[in-house]
Amino acid sequence: MPLYLVLLFILLGVVLALFLYVIWQFRVRYRKMNSELSLLRESTQQSQTDLSLALEAGNLSVWVHDLATDTIRFMKKDFTMADPILLEEHFKLKHPDDLEACKVAMEDLLTRKKENTKVIYHYIDSSVPGGYRIIESFVTAKWHNGSVVEMIGVEHDVTHERLVLSELELAKKKSLLAIESSGIISFELDIPSSTVTIVNAYGMMKERKIPIGTCLDYIYEPDKEVVRQSLYEMILKGKNEPFHLHFRMI
């Protein structure tokens with residue numbers, strides 16, 4: 001066989017081997033890439049699920065305000081965006097007394113007076129007492145070429161928390177009124193600071209923290225030891241039981 005044919009066959013064998021090697025490497029990398037994409041897809045889905053649960057648990061919602069179209073879109077649970085609505089229509093669902101605060105917050109972002117801002121407003125909802133939900137909104141701006149193109153907000157529905165706080169405040173006022181009308185002095189002893197908080201002392205002191213030594217100075221001398229012993233058993237001996245004392249104060 002002529003030498004050139006031998007060399008030709010060798011060259012063809014090398015080319016074929018290289019071709020097969022390239023195909024094999026491609027298949028290995030393709031499988032690896034698919035595996036990495038699959039892991040990335042699973043990780044992304046898990047992150048979206050975790051974020052969705054966090055938003056739902058925190059009673060949060062996310063929205064984007066497009067300044068070019070002056071529309072606002074809310075993010076749905078599947079992380080797609082709902083159909084846009086005009087900002088003007090969205091503002092109609094807010095309490096009229098809160099509109100100025102919302103506009104000031106937007107202006108602060110547009111003029112870069114603030115990088116981000118917070119505003120609280122009331123949103124129409126006939127299913128809650130009073131007909132309005134209380135919304136706490138945290139807003140930031142997205143800039144491009146020196147101007148704001150979008151505003152992004154995260155809103156927290158604090159209606160329930162505000163109602164609970166209102167009920168607690170009312171209960172506190174009722175309790176203080178009952179204490180004042182009955183002439184009872186209510187106090188709390190803070191052990192680390194050794195101070196006493198007197199809630200009501202016949203109108204003379206209200207919610208003032210004073211050293212426990214000062215309180216003891218007002219106890220009639222023959223009765224001080226009884227009070228000290230009771231406090232000693234409660235604080236140092238860990239006696240966690242109600243006790244009753246009769247003592248005289250100056």
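The values are calculated or read from the model by the stated rules, or taken from the named source; none is laboratory data. Quick caveat, the model's predicted, so the values are computed rather than measured. In this analysis, Cβ positions are derived from the backbone assuming ideal geometry, glycine residues included, and neighbour counts consider all displayed protein chains. When the accessible area is computed, the model is the full protein with side chains, heavy atoms only, and any ligands, DNA or RNA have been set aside. Shrake-Rupley method; radii C 1.70, N 1.55, O 1.52, S 1.80 Å.
At-a-glance table
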{"read-out": "Count of residues meeting criterion [under 24 Å from Ile179 (Cβ atoms), in a loop (DSSP other than H, G, I, E, B) and either modelled with pLDDT under 85 or not aromatic (Phe, Trp, Tyr) (or both)] in the range 195-239", "value": "9"}
{"read-out": "Residue ID - surrounded by the most Cβ atoms within 10 Å (Cβ to Cβ), chosen from residues in the range 223-248 that are of a type in the set (Phe, Trp, Tyr) and in contact (Cβ under 8 Å) with a residue 12 or more places away in the chain", "value": "Phe247"}
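Conditions tested, residue by residue: (1) open to solvent by 30 Å² or more (accessible area, probe 1.4 Å); (2) basic (Lys, Arg); (3) touching a Ser or Thr at 6+ places or on another chain (Cβ under 7 Å).
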| residue | (1), (2), (3) |
| --- | --- |
| Lys76 | yes, yes, no |
| Lys103 | yes, yes, no |
| Glu107 | yes, no, no |
| Lys113 | yes, yes, no |
| Thr117 | no, no, no |
| Ile120 | yes, no, no |
| Arg133 | yes, yes, yes |
| Thr140 | yes, no, no |
